[in-house]
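Beneath this line is the structure, given in structure tokens, with notes to follow.
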Amino acid sequence: MSTPSIGVLALQGGFDAHLKCFDAIGIQAHAVRTCEQAQGCLGLVIPGGESTALIRLLAYSGLDRYIQQQHKQGLALWGTCAGAIVLASHVSAPQTPSLKCMDVNIRRNAYGRQVSSALKSIHIAETQRVVGEGVFIRAPKFESWGNQVQPLLTDAAENTVALSQGRCLSLTFHPEWSNTLNLNLHAWFAQVAFNSTYGFSLSALKDLT
Ligand code: GLN
């Protein structure tokens, strides 16, 4: 078995930026394209990209079932943008298959087409304190979620843009491409992943700032 580390799913999309973020803070992370490469991972990032392509490639590689099984055993998961779509229990516009690791309904391309991609201010849920800006690229929106799910961050229009359920974290924007976000989410993800008894909570997120 390989040394425990963080994996970044590298089948498609913006995996390289996540790998660079982990590298910049001295956390060992590696690209995952096969179930074998995912062995020993304590956390796995599912990056932005194209969710339809990601889901197809996950099924083709067998990583879909592997991730679902490992998550039940404690593997921490973090989806950003298309990754958030992949983790949701229900996807609309259009409806697509997904891993169903989080009790969340998500709508694709919900801010509009590519021209509506934008930087938006990011606020802590409940307090509405601003923690910087997030990059939204043909981003989805969380439409509803179950009572095990906790909203963590919102945009200025009070759309929830980050939420968590136990050891699963989901963001509709790209923290890996923002240098104005005053939250080290990569360090937080690694901290939770390496401590099997932790989940992603709003109180822990507030302590990051
Ligand atoms: N619009 C893409 C999708 O539906 C997600 C875009 C992104 O990851 N930035 O899969």
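The values are calculated or read from the model by the stated rules, or taken from the named source; none is laboratory data. Keep in mind that what you see is a predicted model, and the values were worked out from it rather than measured. Using ideal geometry, Cβ is built from the backbone for each residue, glycine included, and neighbour counts are taken over all protein chains shown. Ligands, DNA and RNA are stripped out before the accessible areas are found, and what is left, the full protein with its side chains, is counted by its heavy atoms. Shrake-Rupley method; radii C 1.70, N 1.55, O 1.52, S 1.80 Å.
Observations on the structure shown:
- Selection count, segment 111-158, where residues are open to solvent by less than 50 Å² (accessible area, probe 1.4 Å), on the phi > 0 side of the Ramachandran plot and acidic (Asp, Glu): 0
- Residue within segment 92-101 that is at pLDDT 95 or above, crowded, with 19+ Cβ neighbours inside 10 Å and within 16 Å of the ligand (Cβ to nearest atom) present: yes
- Figure legend. Inter-residue proximity from segment 164-176: first residues on the phi > 0 side of the Ramachandran plot, second residues among the aromatic types (Phe, Trp, Tyr) and open to solvent by less than 10 Å² (accessible area, probe 1.4 Å), beta-carbon distance below 9 Å, spacing 6+ or different chains. Indicated pairs: GLY166/PHE200.
- Of the criteria (1) within 16 Å of the ligand (Cβ to nearest atom); (2) farther than 17 Å from SER170 by Cα; (3) in contact with a His (Cβ under 6 Å, 6 or more places away or on another chain), which one LEU57 fails: (3)
- Any chance HIS174 is within 22 Å of ASP23 (Cα to Cα), touching a helix residue (DSSP H, G or I) at 6+ places or on another chain (Cβ under 6 Å) and open to solvent by less than 30 Å² (accessible area, probe 1.4 Å): no
- Residue within segment 118-128 that is more than 25 Å from THR160 (Cα to Cα) and in contact (Cβ under 8 Å) with a residue 12 or more places away in the chain present: no
- Residue within segment 173-193 that is closer than 24 Å to GLY14 by Cβ and assigned to a strand (DSSP E or B) present: yes
- Test: residue in segment 116-126 that is modelled with pLDDT of 95 or more, under 27 Å from ASP207 (Cα atoms) and near the ligand (Cβ under 9 Å from one of its atoms): no
- Positions within segment 1-12 being within 16 Å of the chain's Cα centre (by Cα) and open to solvent by 40 Å² or more (accessible area, probe 1.4 Å), in sequence order: LEU11, GLN12
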